[in-house]
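Here's the structure we're looking at; comments come further down.
The values are calculated or read from the model by the stated rules, or taken from the named source; none is laboratory data. Computed from a predicted model, the values in this text were never measured in an experiment. So basically every Cβ, Gly included, is an ideal-geometry build from the backbone, and we count neighbours across all protein chains shown. SASA here: full protein model, heavy atoms, side chains in, ligands and nucleic acids out. Shrake-Rupley method; radii C 1.70, N 1.55, O 1.52, S 1.80 Å.
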Amino acid sequence: MTEIALKSVQKKFGADVYAVENLDLIIAKGEFLTLLGPSGCGKTTTLRMIAGLETLTSGEIHFNDKRIDQLAPGQRNVAMVFQNYALYPHLNVRGNLEYPLKKRGVPRDQRQTMVAATAKMLQIEELLDRRPRQLSGGQQQRVALGRAMIRDPAVFLFDEPLSNLDAQLRATMRAELVRLHLRLGKTMVYVTHDQLEAMTMSTRIAVMYKGRLQQIDTPAAIYSRPANRFVAGFVGTPTMNFVEGVFSDGASGLEFRSTLLPTIPVPGLSGAKAGMAADVGFRSEHVVLGQGAAQAEVSVIEALGHETLVLLTAGADEIAVRTRPDIALRVGEKVRFDAAIDQLHFFAKTDGNRIGG
Amino acid sequence: MKSLPMRLAGLAATGFTWLLVLAVTFPLLWMLGTAFKRPTELFAKPPTFFPHAPTLQNFVDVLEQTKFTIYATNSLIVATVTTLFVLVVATLGAHAMVSFKLMGRHVVARALLLCYMLPTTAVLIPIYLMIAGLGLANSLSGLIVAYTSLTLPFALWLMRAFFAGIPPEIEAAALIDGASRLRAFVDVVLPQALPGIVTTGVFSFLICWNEYLYSLVMINDDRTRTLPTGIMGTLVNGYAIEWGMVMAAATMMSVPLLLVFLFLQRYVVQGFGAGAVKG
Amino acid sequence: MLPSTLRDQALGYALLAPSLLLLGGLLGWPLIQAVLLSFYDMHPLTRRVIYVGLENYTDIFEDDMFWRAFANNFVWLAGSLFLQIGGGVVVALLLNRTFIGRGIARSLILFPYLMPVLVAALVWRWMLDDIHGIVNYAWIGMGLKRIDWLSTMPNAMVTVIVVGSWRVFPFVVIAVLARLQSIPQQLYEAAEVDGASRWSQFWDVTMPQIANVLSVIVLLRAIWDFREFDLIFLMTGGGPVIGTTTLPLLVYKEAFELFKMGKALAIAVVMMLCMLVLIAAYLRSVRNAPASEEIR
Amino acid sequence: MPAKDIVSPDRRSLLKAAGAAAALSLAGRIPEAEAQAPVTLRAMTLQRAPLQMKAYEAMVKGFEAVNRNIKVEVLPVSQTDLWPKLAAAYAGGDVPDLVMQITSENAVSLHGQGLLQPVDDVVRALGEADFEPAAQNLFKDKGSYFAVPASNNCVSLLWYRKDLLGEAGLAPPQTWEQLVNVARRLTKGDKYGASMPYGKTAMTNSITWTLVYQAGGRIIAPDNSVVFNSDATVAVLEFLKEMHPFMPPGVNRYDFSDVLNAYVQGTSATCMYTGRAIVNVNNENPSIADHISCVPFPLRSLDRPWWSGAFESLIVPKAAKNAAAAKLFAAWNFKLDTYVEFINATPGHQIPMLKSVLASPDYLSHPLLVKYRKELDVTIDTLSKAHATAKPDDKSPLIVKAGEIQNSGIFAETIQRVVIEGEAPRRAAAWGQDRIARLMRG
């Protein structure tokens, strides 16, 4: 089992464009770590640096205690599954599976047993003689996985491997990848911009934005305690609601005042002080309709069956609300609402960082 | 079901298309027809389209009275050697330009474009001086050098477009699977580039096969002449143009090429679309 | 052992080196020489070389032959472009329809492009032969007056333009056809639902879709046609008088018929400058074309 | 090399060429080393019809059999390509060792640039006195020969159809005026009265001299000034323009082959050409073989006769790498059997420049020459009065840029300006004058 350590890794393109800036990251042995972020955030570059497909501008990468950032990709004992699968179009499935073994000098008969075993495991035995272009997306995906697994690498790297599949297949493959991780117990690094994938599969998630690591934690912690406004806004559907306001001193200590919400007392919120501008954030499931001081107009109602999403408008602010499906509302109706006071997150206006614990 | 006027219009368009296609190919057909005609029929009024009494005499005459076979052999040697040489060089070069992040590769790309578009006539004289300086004037090797200068920029250009169209992940996958860069190139990039290589080869062969100016200026010796200057020198700038023989020679010079093309058409058309236009 | 990055770079340069060396040696160096020698008076037989400064340049600019050739070059260019692009687009549109024998038609239409220039020139000279040519026979058969296709003006220019365009228009056909095939059918369906006529479907749907490809083709063809030598030389030799003498033919004439190598090279240098303008335009259009990120 | 090695038992080969070659080598002109080392001799030729090439093959075979260390490569070049080829060859330092059958204008120009070696030894070994006087006069500059006269041909002939002229009651023309009349009378529908070159071609360029001289003009005066713009030139242009409607429609592009073809195919009733008409008619259109004949090309005025000969010669460039071997082969060119075979590869076209050969039965016994003896005599007679364009009379100095002028295409362009573009002859002549003057300066 391999621990991956990135130490002050930087990647510059051109003179001063940082794709990855000063990244310190430890990926524990056997962990399924997801690099999550919008496109262009540096997550793929990071993955490619681990693979050896991109050079580092500065910094070091270690596998366990061995520095590997100067090694050629083939010498790092990693396997990678690409977004477009990158199967060798001129080789059939067997040839694709065999290729990494050949490059490692595995003898022929041994190769054949390994191919058979892998094909069996992934249920692609009947496809062995086909060319990649004769396969469906899901089948190609399995072959790509097989090619990665077959030589028992120390580390698996996934670069958005599910994004070319349709929704149903994606769900199946997610489960399958989780099972695979459990069975193999290998260190896996997974890149995606899809938070659902990140939340469902990962041991931990590292959220990246603009080349920087924003937060690294378990999926639950990322969701419930986002480290900054970016993470808070990026993770979760619908997006967390934000309302602008200012801290000020009130009768019972520090309070947060906004135009929309009633004054929120926040005594003892560490890092906050009077006069500081901030956003208060709260998730849609933590809004209660029909009570409270805040008022807004219903603008959209989306009935999803098991629940209903309601979009409220109040001036420039929009508030998303998740509610029971049996609620009776009409568009244009004014409603009262309230946000659960213990589920509020405050983010400084200046740097977007979380205020308080 | 389409309405009758619509179907009639479609039929008319089809007819027009075929008329146009036949008009465009007419010179080729006329060449073939002439090549098989006897001298008397050649000047017959009204002219005949299909030879009444087809004869191979023109072909025999060309082969016996001129050094056609020698010219053809020379053309074949020059075109083949140049094409193979240029393909090797350009394949390596284009791969380096596309999949290695080399410093100055953009400058190289610009310079390449410039070379690609230089007027041949401008460098003809200095290139000739240089080839003569190497002691290669009047030889097939000299022509190979000259034709390399004609085809290499073109080949690099086309090939670069082809290589750029190969998903880089395929090479990356091979690298991760344990191949060296060179190995990955041979194992997975080259097979993908094959249509491009074939297309480039066909076109570079065509350029060499057709070239007139360099061959005219550089080659004095009848035994080292290529087809265009050979035919021009013996059959056209001779003391009498015998059109039957000229067309027979023209047929022998072009028809094998057309057949090869038909065989490789799938690749070549792909090449037009992908590389040639994308620039 | 070298770090892998450096090794990679070294390998990259090694792969590129043969190309660079050959380009430099076979084109770069001759190019420099061409420019240098354009400041000399050079006689090819005696190999006498005298520095004359800008004299070759002032000479050509004062010479009406040069300006005639210059003008001819642009007439040839404009005519050829117009014919081959127009014809190419029309044929591409026709071949894009579904019809009987489409595959064969698509192959046949390519043949002129694959005909060696010499063969093309000879076949046409034969067809245009004054007495026995099929063209005049048909022409007179239609009750028209016999025409001297190649040795009076403007006939000669028109003829070489037609033959030149005939030879290369398949290039335009293929490129445009490839683009046409990638136009989503929905666009036409949408236009039809909106009640657009065939004609406005062409202008509002097809043209915008092929505009990018067309602009690149136009420039590419412009650059190639600008320097065309073989076809014109073989068809007319630049005549009648200097009616079809374009700059490349003038270069040949000055260098190899009049033995003014320096002057010939000066003309070649001027030609190259014209080409540079075209190339710059080409680069700009390629940069603007979204389909291609080749040159940046 | 002992002389007896060269002399074959064949009677004809006992003649002078072999002797001359022997004399050359015996005179120690070939250094020992060169004689030993194998040498490839590159000999360019401007006569390259298939039968001529065959004759060369035989000539080379005989030569190589005797000179075992010399290999000869014959490089055929067309008149049109000669100048570019020479330019390229010289520029590239790849000069042929010997140029055979080069026309006089080109030989004179190369000599004028100081590019030729003297060949007195070859001429003397062959016997100076045996050459036609005009040739001796032409190729001897400052007491030394710069070219070996090889053969002559006469473009200054008018071939006509006896049958057609007879039917129309016309006599063969002697003056331009009569020629215009004949041409006009014989032009009907698809048949034309005459065939002369109007193309941007070697033939148009080369006959212009003749017409200008016939009209009493010159192109270069004895003082080396350009005098192209003259009444004579204007007269020539007007004559050509007047003739133009009586020629086949494609005449604006005609070169040597086209001019003759029109006559051979029966399209034109007359044509300006050399004796090659004999062999071409007999090969390609025997149906008119009994109806052809020729006269000296009509004059502008009968009191000013002027006809041209091509005066083809052999030259050895200074830059030749194997000059000694080249001279040896030059002399071998005149070995009677192969010389006659070469000359008679195109019977009537090439006329020997050696008096002895001209009179020899080996030459005259060719069946076509027997059949067309009258036409051959016209040719020989015209040539005996003919001059080279580069030296219009015996007293004039050589026009040392004759080749450049002829190959520049200025003549053809001047003619085309008048005939095709309708420019006034005077203006066209002035244009030509200006162009030639520029050329002379360069």
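If we keep just the residues of the stretch B:230-244 that are open to solvent by less than 10 Å² (accessible area, probe 1.4 Å) and modelled with pLDDT of 85 or more, which is nearest to the other protein chains (Cβ to nearest Cβ)? The extreme case among them is B:Ile231.
Here C:Val117, C:Val75, C:Val123 are screened, and the one residue that is of a type outside the set (Asp, Glu), within 7 Å of another protein chain (Cβ to nearest Cβ) and touching a residue at least 24 places away in the same chain (Cβ under 8 Å) is C:Val117. For the stretch C:173-196, does any single residue satisfy the condition of being open to solvent by 20 Å² or more (accessible area, probe 1.4 Å), within 30 Å of D:Ile415 (Cβ to Cβ) and within 25 Å of the chain's Cα centre (by Cα)? No, that holds for no residue.
Scanning the stretch C:46-65 for residues that are surrounded by fewer than 18 Cβ atoms within 10 Å (Cβ to Cβ), over 26 Å from the mean Cα position of the chain (by Cα) and assigned to a helix (DSSP H, G or I) yields C:Glu55, C:Thr58, C:Glu62.
Keeping to the stretch C:1-23, report how many residues are among the acidic types (Asp, Glu) and modelled with pLDDT of 90 or more. Summing the residues that are among the acidic types (Asp, Glu) and modelled with pLDDT of 90 or more in the stretch C:1-23 gives 0. Could you please give the count of residues in the stretch C:143-165 that are away from chain D (no Cβ under 14 Å) and buried (at least 21 other Cβ atoms within 10 Å of the Cβ)? Qualifying residue count, the stretch C:143-165: 4. Within the stretch A:45-59, not a single residue is more than 9 Å from chain B (Cβ to nearest Cβ), open to solvent by 20 Å² or more (accessible area, probe 1.4 Å), in contact with a Lys or Arg (Cβ under 7 Å, 6 or more places away or on another chain) and within 25 Å of A:Glu176 (Cα to Cα). Among the residues of the stretch A:10-29, is there at least one that is touching a strand residue (DSSP E or B) at 6+ places or on another chain (Cβ under 8 Å), within 14 Å of chain B (Cβ to nearest Cβ) and open to solvent by 60 Å² or more (accessible area, probe 1.4 Å)? Yes, that holds for at least one residue.
Going through (1) open to solvent by 10 Å² or more (accessible area, probe 1.4 Å); (2) assigned to a strand (DSSP E or B); (3) farther than 10 Å from A:Leu36 by Cα one by one, A:Leu213 falls short only on (3). Among the residues making up the stretch C:111-142, those that are modelled with pLDDT of 85 or more, open to solvent by 10 Å² or more (accessible area, probe 1.4 Å) and assigned to a loop (DSSP other than H, G, I, E, B) are C:Leu128, C:Met142. Residues that are open to solvent by 60 Å² or more (accessible area, probe 1.4 Å) and touching a Gly at 6+ places or on another chain (Cβ under 9 Å) were ranked within the stretch A:255-295; the one that is farthest from A:Arg225 (Cα to Cα) is A:Thr259. Just to be sure, is C:Arg68 facing another protein chain (nearest Cβ under 10 Å), open to solvent by 60 Å² or more (accessible area, probe 1.4 Å) and among the basic types (Lys, Arg)? Answer is no for this residue. Restricting the search to strands (runs of 3 or more DSSP E) fully inside the stretch A:296-357 and requiring at least 1 residues that are in contact with a Gly (Cβ under 7 Å, 6 or more places away or on another chain) and either on the phi < 0 side of the Ramachandran plot or without any contact (Cβ under 8 Å) to a residue 40 or more places away in the chain (or both) gives A:334-339, A:345-348. Among the residues of the stretch C:244-286, the ones that are within 21 Å of the chain's Cα centre (by Cα), modelled with pLDDT under 90 and not aliphatic (A, V, I, L, M) come to 6 in all. So, D:Val259, is that one more than 14 Å from chain C (Cβ to nearest Cβ), outside any loop (DSSP other than H, G, I, E, B) and of a type outside the set (Asp, Glu) or not? Judged against the criteria, D:Val259 is not a match. Listed by position, the helices (runs of 4 or more DSSP H) enclosed by the stretch D:91-208 that each have at least 2 residues that are of a type in the set (Gly, Ala, Ser) and crowded, with 24+ Cβ neighbours inside 10 Å are D:104-112. When D:Glu132, D:Glu128 are screened for being at pLDDT below 90 and touching an Asp or Glu at 6+ places or on another chain (Cβ under 9 Å), only D:Glu128 passes. The helices (runs of 4 or more DSSP H) found wholly in the stretch B:118-215 and carrying at least 1 residues that are at the interface with another protein chain (Cβ under 10 Å from one of its Cβ atoms) and more than 30 Å from A:Asn92 (Cβ to Cβ) occupy B:120-133, B:140-164, B:190-210.
Taking the stretch B:1-117 as the region of interest, the helices (runs of 4 or more DSSP H) fully inside it that hold 3 or more residues being under 23 Å from C:Trp29 (Cα atoms) and open to solvent by less than 60 Å² (accessible area, probe 1.4 Å) are B:68-99, B:105-117. Restricted to helices (runs of 4 or more DSSP H) entirely inside the stretch A:62-155, those with at least 2 residues that are β-branched (Val, Ile, Thr) are A:108-122.
Kindly provide the set of residues from the stretch A:94-126 that are within 15 Å of A:Gln140 (Cβ to Cβ) and aliphatic (A, V, I, L, M), ordered by number. Within the stretch A:94-126, A:Leu97, A:Ala119, A:Leu122, A:Ile124 qualify.
Of all the residues in the stretch D:167-209, those that are closer than 28 Å to D:Gln79 by Cα, in contact with a Phe, Trp or Tyr (Cβ under 8 Å, 6 or more places away or on another chain) and of a type in the set (Ser, Thr, Tyr) number 6. Checking each residue in the stretch C:26-45 for being more than 8 Å from chain B (Cβ to nearest Cβ) and open to solvent by less than 30 Å² (accessible area, probe 1.4 Å) picks out C:Ser38, C:Met42, C:His43, C:Pro44, C:Leu45. For A:Gly236, the conditions (1) open to solvent by 30 Å² or more (accessible area, probe 1.4 Å); (2) in a loop (DSSP other than H, G, I, E, B); (3) in contact with a Ser or Thr (Cβ under 9 Å, 6 or more places away or on another chain) all hold with the exception of (1).
No other residue among B:Ala184, B:Ala155, B:Ala164 is at negative phi, in contact with a Ser or Thr (Cβ under 8 Å, 6 or more places away or on another chain) and among the small types (Gly, Ala, Ser) apart from B:Ala155. Can you spot a residue in the stretch A:88-102 that is at pLDDT 90 or above, in contact with a strand residue (DSSP E or B) (Cβ under 8 Å, 6 or more places away or on another chain) and charged (D, E, K, R)? Scanning the stretch A:88-102 turns up no residue that is at pLDDT 90 or above, in contact with a strand residue (DSSP E or B) (Cβ under 8 Å, 6 or more places away or on another chain) and charged (D, E, K, R).
Of all the listed residues (B:Gly142, B:Gly135), the sole one being within 27 Å of B:Ile70 (Cα to Cα), out of contact with any helix residue (DSSP H, G or I) (no Cβ under 7 Å at 6 or more places or on another chain) and not charged (D, E, K, R) is B:Gly135.
Just one residue in the set A:Arg94, A:Arg67, A:Arg108 is under 28 Å from the mean Cα position of the chain (by Cα) and either more than 10 Å from chain B (Cβ to nearest Cβ) or open to solvent by 20 Å² or more (accessible area, probe 1.4 Å) (or both); that residue is A:Arg67.
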